[in-house]
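The values are calculated or read from the model by the stated rules, or taken from the named source; none is laboratory data. What you see is a predicted model; the values in this text were computed from it and never measured. Quick reminder, even Gly has a Cβ in these numbers, built from the backbone with ideal geometry, and neighbours come from all protein chains shown. These accessible areas exclude ligands, DNA and RNA; they are computed on the full protein's heavy atoms, side chains included. Shrake-Rupley method; radii C 1.70, N 1.55, O 1.52, S 1.80 Å.
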Amino acid sequence: MSWLYYLLEANLYLILFYGFYRLFLHRETFYTLNRYYLIFSSVLAFMLPFFQLGFLKKEIVISYATFTGIPEKPSLFTIENGLLLLYAVISLVLILKICLGLRNLKSIITKAKKTKENGITLIEIENSKMAFSFFNFLFIDPELDQKTTILKHEMVHIRQKHSVDILLFELIQISSWFNPITYLIKNDIKLIHEYLADEITTNKDIAKYEYAMFLIQNSYGNQKVSLTNHFFNSSLLKNRISMLNQTKSAKWARLKLLFILPLTGLMLCLSTMAFTKDYGTIQLGQKKESLSIALQDTTRKKAKQIKLVPPPPPLPPNAAKAKKTAPKVEVIRFKPPVVKKDGKRLPPPVVIKDEKVAPPPPPVEPKPAKSGNDSETITGIAVMNDNNRAQSITSTSPAEQKELKSVTVVGYPSTGNKNTVPVKKVKGTKIVEVIVVGQPSKKQ
């Protein structure tokens with residue numbers, strides 16, 4: 001129902017603008033300013049809903065999402081459709097009323113006698129006792145008294161294009177027929193038109209008193225077409241005569257129009273904070289940009305919210321070659337079996353969870369037993385004996401070590417040859433194991 005919210009907001013601003021006019025301006029004699037005020041304030045009331053103050057908003061939408069959900073099937077029998085139908089029917093009736101008024105004018109122009117001079121078409125309506133104008137058409141009864149004064153009055157309406165104002169407020173009334181303020185504004189704009197024409201007419205050639213008496217004596221005019229400016233309009237006659245004798249407003253009174261600035265600012269604040277918009281708005285006063293357009297998606301129907309699941313991450317290049325591993329199952333639950341004995345149901349058995357058994361340790365190789373006759377054994381080295389005076393063991397290269405076998409070094413007895421020298425030092429590298437067990441026996 002965004003269209004209904006928009007109309008309600010625009011008509012709220014229209015009421016505020018017109019209230020300001022009735023409070024401060026409608027009794028002032030600067031009629032031209034009042035005319036322009038009513039025109040521009042009425043148009044501005046319908047434009048303000050599209051403007052918002054960006055610095056008052058916590059979050060500013062600057063684009064609209066292109067995501068579309070699955071729309072729901074709309075129902076024809078809704079409150080929104082009912083209000084829309086009622087609004088359209090009444091607006092159509094008002095449009096037909098305007099069309100009938102234009103048709104009456106066309107029939108009068110077709111049947112009456114016409115003369116054109118200086119771009120003005122003078123149409124004589126005999127025995128009508130009427131005088132009115134519509135754009136460049138001037139309708140008048142040629143037998144009216146003071147015809148010159150009437151022509152001068154109606155020429156003011158034509159030159160200042162008052163018919164454009166009337167059509168504008170007719171359109172506003174069609175769009176906002178539910179607002180009674182539109183009827184009051186249309187009546188006031190017609191009144192201002194007459195004030196302007198009366199003021200210019202009485203500046204020369206005729207006194208205000210004589211002009212007022214002439215209006216009273218000819219207040220029998222019949223207004224058949226509402227789109228025209230009638231000279232003899234009895235509904236406006238009292239106000240016209242009272243304003244003829246009104247004292248001119250002081251020049252400082254025009255400063256009252258400055259109060260319209262804070263009033264407009266208040267309306268912008270209302271448009272920003274008090275109303276939620278689901279249509280395009282123009283943001284004013286942003287931090288980064290002074291003006292930017294925030295578009296909102298109003299073309300799509302409301303859809304159910306759909307949660308989007310992000311796509312899975314891409315697989316590595318070697319993932320396709322990798323073997324598929326079975327999923328790890330931690331716990332498997334089975335329904336306990338039913339146990340019966342002799343037709344009686346017994347309680348379910350107790351399930352004991354298997355405990356994890358640690359694997360047995362690897363076997364340890366037994367160490368050889370030590371004996372007293374064991375000798376000193378060196379694996380993987382060469383032995384050189386220099387006349388039993390010294391024993392030295394020299395390391396060979398790794399290639400040569402692979403071909404060597406175990407070498408047994410046997411010491412010498414403690415008694416015997418005194419020149420015998422026992423083994424004291426063993427020099428070499430990569431000695432795997434050295435076992436020295438006692439001294440050999442004397443019998444060796």
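In table form, for the structure just shown:
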| quantity | calculated |
| --- | --- |
| Selection from the range 130-155 of residues that are more than 19 Å from THR201 (Cβ to Cβ) and charged (D, E, K, R) | GLU143 |
| Some residue of the range 129-140 being of a type in the set (Phe, Trp, Tyr), assigned to a loop (DSSP other than H, G, I, E, B), open to solvent by 60 Å² or more (accessible area, probe 1.4 Å) and under 30 Å from VAL89 (Cα atoms) | yes |
| When residues of the range 30-63 are limited to those that are modelled with pLDDT under 90 and part of a loop (DSSP other than H, G, I, E, B), the one most open to solvent (accessible area, probe 1.4 Å) | LYS58 |
| Unique residue being open to solvent by 50 Å² or more (accessible area, probe 1.4 Å), farther than 30 Å from LEU85 by Cβ, modelled with pLDDT of 85 or more and in a helix (DSSP H, G or I) when the list is ILE216, ILE200 | ILE200 |
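Residue-by-condition table, conditions (1) part of a helix (DSSP H, G or I); (2) open to solvent by 30 Å² or more (accessible area, probe 1.4 Å); (3) without any contact (Cβ under 8 Å) to a residue 60 or more places away in the chain:
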{"site": "GLU143", "(1), (2), (3)": "no, yes, yes"}
{"site": "LYS152", "(1), (2), (3)": "yes, yes, yes"}
{"site": "PHE169", "(1), (2), (3)": "yes, no, no"}
{"site": "TRP177", "(1), (2), (3)": "no, yes, no"}
{"site": "ILE185", "(1), (2), (3)": "yes, no, no"}
{"site": "ILE189", "(1), (2), (3)": "yes, no, no"}
{"site": "GLU194", "(1), (2), (3)": "yes, no, yes"}
